[in-house]
Amino acid sequence: MSILLRKIFFTFFLSLLILPLVAQRRVVEHLQQADQKLLHFGFTLGMHTQEFAFQPSEVVDYEGIVWYGDVVNPLPGFTVGIVSDLRFGEYFNLRFIPTLNFGDRQIVFSGFQNGVKTREYSTNVLSTLVALPFYVKYRSERVQNYRPYLIAGGGIMVDLSRKKDLPILLKPMDYYIEFGVGSDIYMPYFKLSPEFKMCIGFANMIERNRPLIQNEANLKYTDAIKRLGSRLFVLTFNFE
């Protein structure tokens, strides 16, 4: 997770702890019937970082070098989506939130020969991810205009921006679980819900079938990876 998102997460988590204390001083409750709707819609905007979990193969290439990959300096990407919410009772909701996620990951490969680092190579993996998740949302009791909650779910994720001639190619589809925390904030005319989630992919995303790669020498970077799992850290603001 980038340093920026870490700072935002800790600030956000601290805010969730103190919101009920602040809310006790308020007297006007907004949108008192908002949580009684069976079905409602909204939209979400936010930022995220896309990262990888590497498992090296430790394969020796034709030059006698072993390569290890890592993601460096993850940059925030942009997230936009649509919220659909179905009420299952006072505390539970089922949510479907398809999102479009634009992001970039820089991978640095370090080459070691006889235990000494001798080479370094970096490449970027640009992704446009369509996420199709379902969530279960568990809400606490409402305290004036605030209502913290937990959220968990999963779904599939499809990459729309694969470039098949790059040194690293990802598979087009991943499946994942996601969990996080948030808080409903009841405004006079709408409900604002800041939310932080962690997404963990289960598929091995490294694509080994590379017939269109232009420089076959770059296959050593694919061969250096035994398994490549995806990770996303997402901060969104839902408007409902």
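The values are calculated or read from the model by the stated rules, or taken from the named source; none is laboratory data. Here the structure is a predicted model, which means the values were calculated and not measured. Neighbour counts are summed over all protein chains in view; Cβ atoms, including those assigned to glycine, are modelled from backbone coordinates with ideal geometry.
For this structure, a couple of remarks:
- Single residue of the range 114-166 satisfying the filter (assigned to a strand (DSSP E or B) and of a type in the set (Gly, Ala, Ser)) that is nearest to residue 65 (Cα to Cα): 122
- Residue within the range 191-210 that is part of a loop (DSSP other than H, G, I, E, B), of a type outside the set (Gly, Ala, Ser) and buried (at least 19 other Cβ atoms within 10 Å of the Cβ) present: yes
- Lone qualifier among 104, 85 - being under 22 Å from residue 204 (Cα atoms) and either in contact with a Lys or Arg (Cβ under 7 Å, 6 or more places away or on another chain) or among the acidic types (Asp, Glu) (or both): 104
- Residue check: residue 105 meets all listed conditions (1) surrounded by fewer than 14 Cβ atoms within 10 Å (Cβ to Cβ); (2) at pLDDT below 90; (3) part of a strand (DSSP E or B) but one, namely (1).
- Residues of the range 128-159 satisfying the condition of being at pLDDT 90 or above and in contact with a Ser or Thr (Cβ under 7 Å, 6 or more places away or on another chain): 128, 131, 147, 148, 149, 159
- Within the range 59-83, the residues that satisfy the criterion of being surrounded by fewer than 16 Cβ atoms within 10 Å (Cβ to Cβ) and either under 30 Å from residue 37 (Cβ atoms) or without any contact (Cβ under 8 Å) to a residue 60 or more places away in the chain (or both) are 60, 63, 64, 70, 72, 78, 80, 82.
- Looking only at the range 203-240, and only at residues there that are of a type in the set (A, V, I, L, M) and at pLDDT below 90, the one that is farthest from residue 183 (Cα to Cα): 217
- Only a single criterion out of (1) closer than 23 Å to residue 41 by Cβ; (2) not in a loop (DSSP other than H, G, I, E, B) is not satisfied by residue 188, namely (2).
- The criterion of being at pLDDT below 90 and either of a type in the set (Gly, Ala, Ser) or in contact with a His (Cβ under 6 Å, 6 or more places away or on another chain) (or both) holds for residue 115.
- Only one entry in 181, 158 is of a type in the set (A, V, I, L, M), surrounded by fewer than 16 Cβ atoms within 10 Å (Cβ to Cβ) and within 22 Å of residue 83 (Cβ to Cβ), namely 158.
- Long-range neighbours under 6 Å by Cβ, at least six apart or interchain, first residue free of Cβ contacts under 8 Å to residues at least 40 places away in the same chain within the range 86-114, second of a type in the set (A, V, I, L, M, F, W, C) and part of a loop (DSSP other than H, G, I, E, B): none
- Segments classed as strands (runs of 3 or more DSSP E), wholly inside the range 9-87, with at least 1 members that are at pLDDT 90 or above and closer than 21 Å to residue 236 by Cβ: 39-56, 77-87
- Restricted to the range 142-196, and to residues there that are of a type in the set (D, E, K, R) and in contact with a Pro (Cβ under 9 Å, 6 or more places away or on another chain), the residue that is farthest from residue 216 (Cα to Cα) is 184.
- In this entry, residue 162 passes the filter for residues that are among the basic types (Lys, Arg) and either under 19 Å from residue 201 (Cβ atoms) or in contact with a strand residue (DSSP E or B) (Cβ under 6 Å, 6 or more places away or on another chain) (or both).
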